[in-house]
Amino acid sequence: MVLGQNRIASRPPYDVIVLGAGAAGMMAARVAQQRGRRVLLIDHNGEPGRKILISGGGRCNFTNLGTAPDRFISANPHFAKSALGRYTPQDFVALVEAHGIAWHEKTLGQLFCDGSARQIVAMLVDECAGVDFAFGHGVRDVSHADGRFTVSHGARTDTAPALIVATGGPSIPKLGATSFAYELARRFGLKVVEPRPALVPLTLSSADALFQALSGVATQVIARAGKAAFREAALFTHRGLSGPAILQASSYWRHGETVAIDFAPDAPPDWLTTAKRARPRLTLKAALADTLPARLAEALAHRLALAGELANQTDRALTEAARRLKDWRFEPTGTEGFAKAEVTVGGISTDGLSSQTMMARKVPGLFAIGEAVDVTGWLGGYNFQWAWASGAAAGGAV
């Protein structure tokens, strides 16, 4: 079939209506339908899996072999354990291989398609054989009475005893992302943990203009925010900081806090005094340029204000410079917002959901999965694995 084509052969009474044809929604629809449920999958976009299509540079980082509960952020750090334990990365890899999709592992357990992210979307659509699709249909209203949910979408109204909310969070609005899931949750009495952009570039003030002038320069660092630390590349941009290490740290950063950068992650504390004895005529800029990009080395040396050869610097000054290089503090002014955020931290509170089934405790038949829920993974395929796992949990419970 053509991706995005509506597929409604008839209009039987449905057992399940799924809102959102992203990763979580399609997985839930797939599992429910394969268990014999009559499923309707609705999305206001004209095609399924729009976020999947742009992920991983178009190759879809579809899971991570290092998936573990401690790599997810939630007000309840234990909530994701059950679903993640029951649907693993190996389960999804088996599905990928069953469809003949070639894949490869990059760094840190990240798995990507050899070809295109469209292969993953096509696989999920194929796996949803028997599911009725209604794409390009905006939801006008949702109500609940007498044990059934009524969904008005486009020019239609459909009902079912189970409703799965998989409409994600507000990150990347150009792909159609909205806060619909939160509005619906509140309507049914569920709490929402304040959403904020995550896996997002950070912005710097004019006080750090020297570093903003390094736009395009990248280097390996350890970035720390709160109690979290990530060793990956940091990238300077015309607005501030980005790159994998910064995106990871951004999920833990809060306004008013600093982000600490270790520009010399492999260097011992006394490396500059050692360099002074071994190469006394070396300048600080030259010493830094041994391991850092030249433009960054120059900017850091300028800020440290140690002019001349290392031989002319006191050991105390060099020790302090080495300390600052391993704990350089930036105070971001903010982030680049939901427009540039890969995911959302926060969402529908897990307090009101079953970790086994994803069903709302006070509203039988109502489920919430994927990014709509207050569970957010690290960069590198973790959020897709949460989508697969939470989708499978809900699809297996309806």
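The values are calculated or read from the model by the stated rules, or taken from the named source; none is laboratory data. Just so it is clear, the model here is predicted, and its values are computed rather than measured. Positions of Cβ are generated from backbone atoms using ideal geometry, with glycine treated the same way; all protein chains shown enter the neighbour counts. When the accessible area is computed, the model is the full protein with side chains, heavy atoms only, and any ligands, DNA or RNA have been set aside. Shrake-Rupley method; radii C 1.70, N 1.55, O 1.52, S 1.80 Å.
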Helix 23-34 axis, angle to the chain major axis (alpha carbon atoms, nearest 10°) | 30
Most mobile of Leu124, Leu210, Leu379 in a GNM of the chain (Cα contacts under 10 Å) = Leu210
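How much length is gained on full extension from Ala305 to Ile54, taking 0.36 nm per residue of separation minus their Cα-Cα distance? Walk me through the numbers before you get to the answer.
Details: separation 251, 0.36 × 251 = 90.36 nm, distance 4.35 nm.
Between Ala305 and Ile54, full extension yields an extra 86.0 nm.
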Local electrostatic count at Val345 - Lys and Arg +1, Asp and Glu -1, tallied over other residues with Cβ under 13 Å = -2
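Among rounded, prolate and oblate, which fits segment 313-398 when a ≥ b ≥ c are the square roots of the eigenvalues of its C-alpha gyration tensor, a/c under 1.5 means rounded, and a/b larger than b/c means prolate? The partial results should precede the final answer.
Details: a/c = 3.63, a/b = 3.27, b/c = 1.11.
Prolate is the answer for segment 313-398, as a/c is 1.5 or above and a/b outweighs b/c.
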Sorted by mean Cβ packing within 10 Å, highest first, what order do the peptides 382-389, 237-244 take?
-> 382-389, 237-244
Size of charge dipole - segment 106-258 - debye, nearest 20, with Cβ of Lys, Arg +1 and Asp, Glu -1, no other charges = 440
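Which whole-number percent gives the relative contact order of the chain, counting Cα pairs below 8 Å spaced six or more residues apart? Working shown, then result.
Working: 906 pairs, mean separation 98.5, N = 398.
25 percent.
Quick one: length gained pulling Gln356 to His99 fully straight, 0.36 nm per residue minus the C-alpha distance?
Details: separation 257, 0.36 × 257 = 92.52 nm, distance 2.82 nm.
Difference between extended and current length: 89.7 nm.
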Prolate/oblate/rounded call for segment 1-119, Cα gyration tensor, a/c under 1.5 rounded = oblate
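Counting only heavy atoms of the protein chains, get the accessible area per residue of the chain (1.4 Å probe) and round it to a whole Å² value.
Numbers: 16450 Å² over 398 residues.
Solvent-accessible surface per residue comes out at 41 Å².
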Which three semi-axes in whole Å describe the equivalent ellipsoid of segment 147-212, each the square root of 5 times a Cα gyration tensor eigenvalue, listed largest first?
-> 38, 14, 8
Acute angle (nearest 10 degrees) that the helix 315-326 long axis makes with the longest principal axis of the chain, alpha-carbon atoms = 10
Net lengthening on full extension, Arg254/Asp266 (0.36 nm per residue, minus Cα-Cα) | 1.6 nm
Take the chain, connect every pair of alpha-carbon atoms lying under 10 Å apart with a spring to form a Gaussian network, then pick out the residue of Arg156, Arg30, Arg38 with the largest mean-square fluctuation.
-> Arg156
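Tell me the relative contact order for segment 326-398 as a rounded percent, counting alpha carbon contacts under 8 Å between residues six or more apart. Could you put the intermediate results ahead of the total?
On the way: 74 pairs, mean separation 20.2, N = 73.
Rounded, it is 28 percent for segment 326-398.
At a 10 angstrom cut-off on C-beta neighbours, averaged per residue, how do the peptides 264-271, 369-376 rank from highest to lowest? Write out the running numbers ahead of the final one.
Details: 264-271: 14.2, 369-376: 31.1.
Packing order, densest peptide first, comes out as 369-376, 264-271.
Arranged from highest to lowest average of other beta-carbon atoms within 10 Å per residue, in what order do the peptides 15-23, 139-147 appear? Let's see the in-between values first.
Numbers: 15-23: 28.0, 139-147: 12.6.
Result, highest mean first: 15-23, 139-147.
Quick check for me: using +1 on Lys/Arg Cβ and -1 on Asp/Glu Cβ, what's the dipole size of the chain about its Cα centre, in debye to the nearest 20? Intermediate values should be presented prior to the final figure.
On the way: 42 positive and 34 negative charges, 65 e Å.
Using only the charged Cβ atoms, the result is roughly 320 debye.
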Gap separating the Cα centres of segment 330-398 and segment 40-109, nearest whole Å | 12
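From the helices alone, meaning DSSP H stretches of at least four residues, give me the mean residue ellipticity at 222 nm for the chain, per-run term -39500 (n - 2.57), in deg cm²/dmol to the nearest 500.
Working: 13 runs with 113 residues, N = 398.
Per the formula, -8000 deg cm²/dmol.
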State the answer as a single residue: which of Leu292, Phe188, Ala155 lies farthest towards the positive end of the charge dipole of the chain, with beta carbon charges of +1 for Lys and Arg and -1 for Asp and Glu, about the Cα centre.
-> Phe188
Taking amide hydrogens as modeled 1.01 Å from N in the peptide plane, which residues meet the under 5 Å criterion relative to Met359, leaving out close sequence neighbours?
-> Ser354
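I need the shape label for segment 289-332. Rule: rounded when a/c is under 1.5, else prolate if a/b > b/c, else oblate, with a, b, c from the alpha carbon gyration tensor. Don't skip to the end; give the middle numbers.
Numbers: a/c = 1.95, a/b = 1.27, b/c = 1.54.
Judged from the Cα gyration tensor, segment 289-332 comes out oblate (a/c at least 1.5, b/c at or above a/b).
Could you calculate the FRET efficiency of Lys227 with Gln90 from 1/(1 + (r/R0)^6), where r is the beta carbon distance between them and R0 is 22 Å, rounded to 0.05? Don't skip to the answer; put the middle values down first.
Working: r = 30 Å, r/R0 = 1.35.
FRET efficiency, Lys227 to Gln90: 0.15.
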Angle between the chain longest axis and helix 89-98 axis [Cα atoms, degrees, rounded to 10] | 60
Among Ala98, Leu111, Ala145, whose Cα sits farthest toward the positive end of the charge dipole of segment 91-152 (+1 at Cβ of Lys/Arg, -1 at Cβ of Asp/Glu, about the Cα centre)?
-> Ala145
With springs only between Cα atoms under 10 Å apart, run a GNM on the chain and tell me which of Thr157, Thr314, Thr357 wobbles the most.
-> Thr314
